[in-house]
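Everything on this sheet refers to the single structure shown next.
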Amino acid sequence: MTMDINIAEIGLSALRVLCVGLLLGAGLPALFALGMRLHAVGSGVAEDGTFSRRNPLATIGAYLLYSVVILAVLAGVLFVTRHSLDHYFGITLFGG
Amino acid sequence: MSGELLILILVIVTAIAFDFTNGFHDTGNAMATSIATGALKPKAAVTLSAILNLVGAFLSVEVAATITRDVLNIQTDTGDLALGLDPQTAMMIIFAGLVGGILWNLITWLLGLPSSSSHALFGGLIGAGLAGIGTAGVNWGGIMAKVVVPAFLSPAIACAIAAVGTWLVYALTKRVNAKRRETGFRWGQIGTASLVSLAHGTGDAQKTMGVIALALIAHGSLTTTNIEEHGLPVWIIFVCGLAIALGTYLGGWRIIRTLGKGLVEIDSPQGMAAEASSAAIILTSSTFGMALSTTHVATGSILGSGVGKPGAQVRWGVAGRMAAAWLITMPAAGIVGALCFFLENGIGGLPGAITVFVILVVAALYMYLHSRRQKVDASNVNADWDDNVSANTAR
């Protein structure tokens with residue numbers, strides 16, 4: 001019976017989870033929010049609901065940001081299913 | 001039919017029952033925020049989550065039959081029974097451990113507390129292992145590194161990420177029309193909650209599959225080489241997937257209510273930030289060698305969404321009750337597991353196993369009937385939260 005607990009290793013993996021989590025778990029909602037902000041600017045609807053001038057460039061930017069978020073979610077789905085894809089279709093993703 | 005085969009069948013039935021409680025105990029982890037903000041109707045939310053859990057479970061192709069290795073020393077590296085361990089003792093340990101896990105899951109459900117199903121299972125197994133083999137049967141280092149330490153770290157990490165996410169989301173959309181913002185984030189919520197459900201199906205259903213595989217290995221009707229060559233028997237994947245999906249569909253409304261209404265009053269931007277944080281952590285943590293509980297992550301994230309929203313109120317009293325439940329989950333399930341093992345062993349063989357099984361059924365029935373007195377279901381899951389604790393399950 002050995003107590004082989006490596007504190008440094010646990011700390012390091014926790015730090016990794018925190019960093020990647022911040023990037024994806026906080027970063028993607030932030031991108032989505034930014035997209036929504038641009039979307040609102042693009043449509044010309046202000047905070048109080050009044051209408052000003054449309055801005056097509058902002059709308060395009062908004063859809064670009066939404067696509068980034070959707071692609072990231074799709075990547076997440078592929079990541080969860082990576083072993084099954086490999087098993088059934090022989091498609092190796094994310095380094096197997 | 002031999003006694004050993006009957007015991008094996010009891011173990012498998014109990015494992016499936018555990019999988020079922022695992023499903024309804026964890027529905028809230030993915031769906032509580034979407035139900036609370038109205039992004040999804042309660043029934044629609046549990047249906048979506050159930051389907052995704054089913055899909056997730058069917059996606060499990062590389063199931064580790066070494067499930068107990070993190071906490072017990074009853075298996076070798078390959079998943080076979082440890083040398084010198086009597087097969088019947090091994091099955092009794094697994095059985096008693098499962099009973100401990102189920103009973104603790106039901107008690108916490110009755111109290112509306114989102115505790116970790118994996119901790120309940122591990123606690124039950126540890127208790128039964130201690131009772132059956134003694135301290136040498138327990139992998140203390142594994143328990144610390146794989147179960148205890150992550151349990152303290154993961155809610156804190158999730159809370160921090162969700163708080164940052166929530167703060168950013170509110171800062172960026174401050175000048176967006178409120179109605180528009182609410183609608184937009186509801187879509188975001190549904191997407192992120194779905195991802196959490198899918199990940200839950202792949203992760204948690206596999207735990208029960210591993211337990212059933214182990215019981216079959218102990219009985220001698222399945223070998224580890226067979227699993228390696230052909231994968232797990234399809235019926236195990238099928239049954240476990242169905243059990244967890246059915247549990248999810250029935251919905252642990254009491255727990256959904258605590259998570260969605262009890263901790264924080266959630267708006268859809270917070271809901272999306274919380275689920276995005278949960279999804280990101282659950283999906284990436286195993287890659288970084290951290291095994292953690294979906295429940296701990298989801299609860300931490302929801303708390304964080306309250307911390308990160310300017311002016312939001314967090315009910316720390318409710319959070320404290322949850323933390324207390326988390327702390328006693330493993331010891332409590334362990335004590336039940338140990339008692340069940342002693343009882344089984346005392347009576348011996350098949351009669352012992354049947355006695356424990358009957359106790360499990362009676363206790364489960366009692367708790368179910370008790371829950372009917374203060375019913376929480378799809379119709380009142382979103383009722384206003386009253387700080388008078390007993391009133392929250394009374395509506």
- When the dipole is taken about the Cα centre of chain A, and only Lys, Arg (+1) and Asp, Glu (-1) are charged at their Cβ, what size is it in debye, to the nearest 20? 380
- Item | Computed log₁₀ I(q)/I(0) - Debye formula, equal Cα scatterers, no solvent, the protein assembly as shown, q 0.05, 0.12 Å⁻¹ | -0.19, -1.03
- chain B - mean residue ellipticity at 222 nm from DSSP helices (-39,500 (n - 2.57) per run, n ≥ 4, rounded to 500): -24500 deg cm²/dmol
- What residue among B:LYS146, B:LYS179, B:LYS309 has the largest mean-square fluctuation in a Gaussian network model of chain B, using Cα springs under 10 Å? B:LYS179
- Message: From the gyration tensor of the Cα coordinates in region B:32-93, what semi-axes in whole Å does the equivalent ellipsoid have, largest first, with each one equal to sqrt(5λ)?
- Response: 40, 13, 10
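Set the Förster radius R0 to 25 Å, insert the Cβ-Cβ distance between A:PHE51 and B:ASN380 as r into 1/(1 + (r/R0)^6), and round the FRET efficiency to 0.05.
Approximately 0.05, to the nearest 0.05.
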- Are there any helices in chain A, counted as whole DSSP H runs, that stretch 15 Å or more along their axis by Cα and score at least 1.6 on average by Kyte-Doolittle, and if so which? A:7-21, A:56-80
- Sorted by chain and number, the residues with a modelled amide H under 5 Å from that of B:VAL138, at a separation of 5 or more or across chains, are B:ASN73
- Query: Cα axis of helix B:294-308 to longest principal axis of chain B: angle in degrees, 0 to 90, nearest 10?
  - Reply: 20
- Task: Return the lysines within reach of B:LYS146: Cα separation strictly under 19 angstrom, same-chain partners fewer than 8 residues apart disregarded; answer none if there are no such residues.
- Result: B:LYS207
- Against the longest principal axis of chain B, how steep is helix B:234-250, in degrees 0 to 90 to the nearest 10, with axes from Cα atoms? 40
- Message: Please list log₁₀ I(q)/I(0) at q = 0.18, 0.20, 0.23, 0.24 Å⁻¹ for region B:68-142, using the Debye equation with identical point scatterers on the alpha-carbon positions.
- Response: -0.67, -0.79, -0.97, -1.03
- Query: Which values of log₁₀ I(q)/I(0), to two decimal places, follow from the Debye formula for region A:5-57 at q = 0.12, 0.14, 0.26 Å⁻¹ with a uniform point scatterer at every Cα?
  - Reply: -0.48, -0.55, -0.91
- Item | For region B:174-225, the spread of Cα positions along each principal axis, largest first, Å | 65, 15, 13
- Item | Principal-axis tilt of helix B:316-347 within chain B, Cα atoms, nearest 10 degrees | 10
- Query: Going by a ≥ b ≥ c, the root eigenvalues of the Cα gyration tensor, does chain A fall in the rounded group (a/c under 1.5), the prolate group (a/b larger than b/c) or the oblate group?
  - Reply: oblate
- Among B:PHE24, B:PHE122, B:PHE58, the residue with the largest mean-square fluctuation in a Gaussian network model of chain B built from Cα contacts under 10 Å is B:PHE58
- Query: Which one of B:GLU229, B:GLU344, B:GLU265 has the biggest mean-square fluctuation once chain B is modelled by GNM with Cα springs under 10 Å?
  - Reply: B:GLU229
- Using only the Cα atoms of chain B, build the gyration tensor, take square roots of its eigenvalues as a ≥ b ≥ c, and label the shape rounded, prolate or oblate: rounded if a/c is under 1.5, else prolate if a/b is larger than b/c, else oblate. prolate
- Item | Listed residue (A:VAL45, A:SER67, A:ILE7) projecting farthest to the positive dipole end of chain A, Cβ model | A:VAL45
- Item | Entries of B:LYS43/B:LYS174; B:LYS43/B:LYS309; B:LYS43/B:LYS261; B:LYS41/B:LYS261; B:LYS309/B:LYS375; B:LYS179/B:LYS375 with Cα pairs more than 24 Å apart | B:LYS43/B:LYS174; B:LYS43/B:LYS309; B:LYS309/B:LYS375; B:LYS179/B:LYS375
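Each reported figure results from applying straightforward, stated rules to the coordinates on display, with no laboratory input. These numbers come from a predicted model, not from an experiment. Reconstructed Cβ throughout: ideal geometry from the backbone, glycine too, with neighbour counts over all protein chains shown.
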